[in-house]
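Single-structure report; data block below.
The values are calculated or read from the model by the stated rules, or taken from the named source; none is laboratory data. Model, not experiment: these values are computed from the prediction. Neighbour counts are summed over all protein chains in view; Cβ atoms, including those assigned to glycine, are modelled from backbone coordinates with ideal geometry.
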Amino acid sequence: MEPIFFKPAYKSVIWGGNNIAKVFNRNIEGSNIGESWEISAHPNGLSIIDNKSLDKKSLLDIFNNKENRKEIFGIHCEDLERFPILTKFIDASQSLSVQVHPNNEYAKRIEHDSGKSEVWYIMDCKENAKIVYGFKEGITEENLKDSVNNIKDNVKYVDVHKGDFISIPSGTIHAILDGIMLCEVQQTSDVTYRVYDWDRVDKDGKPRQLHKEKALDVINLNNKNEIYNYSDINSNTSIYKSDIFNIDMIKVKEEVKAQSNEESFYAYIVLEGNGIISTKNFVREIEKGSTFLIPATLGEYKISGDLKMMKVWI
C-alpha cells in the first residue's frame with residue numbers, strides 16, 4: 001500500500017483556456033482545455049495510475065476488483081456500484097452554459113447514470129467575477145417554464161472571490177462565468193442539462209444542444225444557496241458534510257502526521273503550496289494541483305511543507 005497518484009483526463013471544450021497547463025506547469029496537448037478530471041472512475045474520462053510500483057491501470061480497474069476494494073477504498077465503498085466521487089479542475093476562459101444536474105433517482109431512471117451534486121472551491125478569478133447561482137425571488141413552479149424560456153433574465157448573478165466554497169446540490173440552476181478557475185468535487189456522473197448557452201455556436205456553426213424539458217423535470221426551487229470563504233483558514237476545518245461525500249480543509253505548516261481510515265479512502269487536492277507526502281517506504285513531492293488517494297488500510301503517512309489542501313472522504 002502507498003499513496004496513489006493518477007494521470008488526469010483532459011477535456012477540450014468551447015469555453016476552455018490554457019490556465020490548467022500554465023498554473024500547474026503541465027505539458028498538455030491540445031487547446032481550449034476547460035477541464036482536468038483528476039480522480040475519476042467515470043468511463044468518459046478515466047484517471048490512469050501514475051505510480052512506478054503499480055501497474056498502469058485505471059481507477060475504474062482497481063475499483064472494479066472487488067477482491068481488494070475494501071482494503072483500498074474502505075468499508076463504505078465495499079458495496080457501492082461505482083466509485084463515489086470525481087474531482088476536477090475547471091478553467092472557464094469563457095462562460096459555461098446555464099445548466100442543471102439531476103438527482104440520483106432521475107439520473108438512474110432516465111440516463112442510467114448517477115445524479116450530480118457538486119461543490120466548487122474558487123482557486124482564482126478575475127476582479128468582479130460572477131457565477132449564476134439559483135433563481136431570482138418570485139420564481140415559482142407556476143411560472144418556472146416561462147422563467148426557463150427567458151433564463152438569463154431570471155437567474156441570480158452572484159459575486160465570487162478567491163477562496164469561496166460553493167455548494168451546488170442537484171436541481172440547482174447554475175453556471176461558472178468567464179474568468180474563473182476552480183476545483184470541483186462531484187458525484188461520479190456526467191449528466192448535464194443545458195438551459196441556455198449565450199447564443200454560442202459550435203465549430204460547425206450550429207447552436208449547442210439544449211435540454212429544457214429535462215431541466216424542468218429536475219429543477220429544485222427549494223435548494224439553499226450557500227457560499228463560504230476559506231481564503232484565510234489557519235487550521236484543519238470540516239467545511240462540507242453530506243450523505244454523498246465529506247470535505248475537510250487541511251492546512252499544513254511544516255509537518256502533519258496522519259492515519260488512514262478503514263471506513264474510507266482519503267482523496268487529497270493541493271490548492272496552494274508545495275511539500276512532500278511520505279510513508280515508511282514511499283516519498284513523493286506534491287505541489288499546487290497535485291491530487292492523490294490514501295488507501296483505507298495504508299496506515300501512517302506524513303505530509304510536510306507549506307500547503308493548503310482539501311481532503312475528501314465518504
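A few notes on this one:
- Answer residue from the range 112-135, given it is surrounded by fewer than 16 Cβ atoms within 10 Å (Cβ to Cβ) and at pLDDT 95 or above and is farthest from residue 214 (Cα to Cα) among those: 127
- Screening the candidates 88, 56, 7 for the property of being within 27 Å of residue 274 (Cβ to Cβ), under 17 Å from the mean Cα position of the chain (by Cα), exposed (fewer than 15 other Cβ atoms within 10 Å of the Cβ) and of a type in the set (Lys, Arg) yields one hit, 7.
For every residue, the table says whether it meets (1) crowded, with 17+ Cβ neighbours inside 10 Å; (2) of a type in the set (S, T, N, Q).
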| site | (1), (2) |
| --- | --- |
| 228 | no, no |
| 235 | no, yes |
| 251 | yes, no |
| 257 | no, no |
| 265 | yes, no |
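- Residues of the range 207-217 satisfying the condition of being assigned to a helix (DSSP H, G or I) and surrounded by fewer than 18 Cβ atoms within 10 Å (Cβ to Cβ): 212, 213, 216, 217
- Residues of the range 258-276 that turn out to be out of contact with any strand residue (DSSP E or B) (no Cβ under 6 Å at 6 or more places or on another chain) and in a loop (DSSP other than H, G, I, E, B), as a count: 2
- Candidates 234, 225, 220 - the one that is part of a loop (DSSP other than H, G, I, E, B) and within 25 Å of residue 82 (Cβ to Cβ): 220
- Selection within the range 269-292 - over 20 Å from residue 90 (Cα atoms) and under 24 Å from the mean Cα position of the chain (by Cα): 274, 275, 276, 277, 284, 285
- Looking only at residues of the range 163-184 that are charged (D, E, K, R) and assigned to a strand (DSSP E or B), we find that the one that is surrounded by the most Cβ atoms within 10 Å (Cβ to Cβ) is 164.
- Yes/no for residue 29 being closer than 23 Å to residue 80 by Cα, acidic (Asp, Glu) and not assigned by TED's automatic domain parsing to the domain that holds residue 277: no
- One residue stands out among those in the range 252-289 that are free of Cβ contacts under 8 Å to residues at least 24 places away in the same chain and not charged (D, E, K, R): the one that is farthest from residue 309 (Cα to Cα), which is 283.
- For the range 22-32, the condition of being under 16 Å from residue 181 (Cα atoms) and under 18 Å from the mean Cα position of the chain (by Cα) holds for at least one residue.
- When residue 237 is tested against (1) in contact (Cβ under 8 Å) with a residue 40 or more places away in the chain; (2) within 20 Å of residue 120 (Cβ to Cβ), only condition (1) is not met.
- Only a single item in (1) farther than 30 Å from residue 208 by Cα; (2) in a loop (DSSP other than H, G, I, E, B) is not met by residue 29, and it is number (1).
- Leading residue by the ranking (farthest from residue 156 (Cα to Cα)) among those in the range 218-245 that are among the aliphatic types (A, V, I, L, M) and over 18 Å from the mean Cα position of the chain (by Cα): 233
- Residue check for residue 244: of a type outside the set (Phe, Trp, Tyr) and in a strand (DSSP E or B): no
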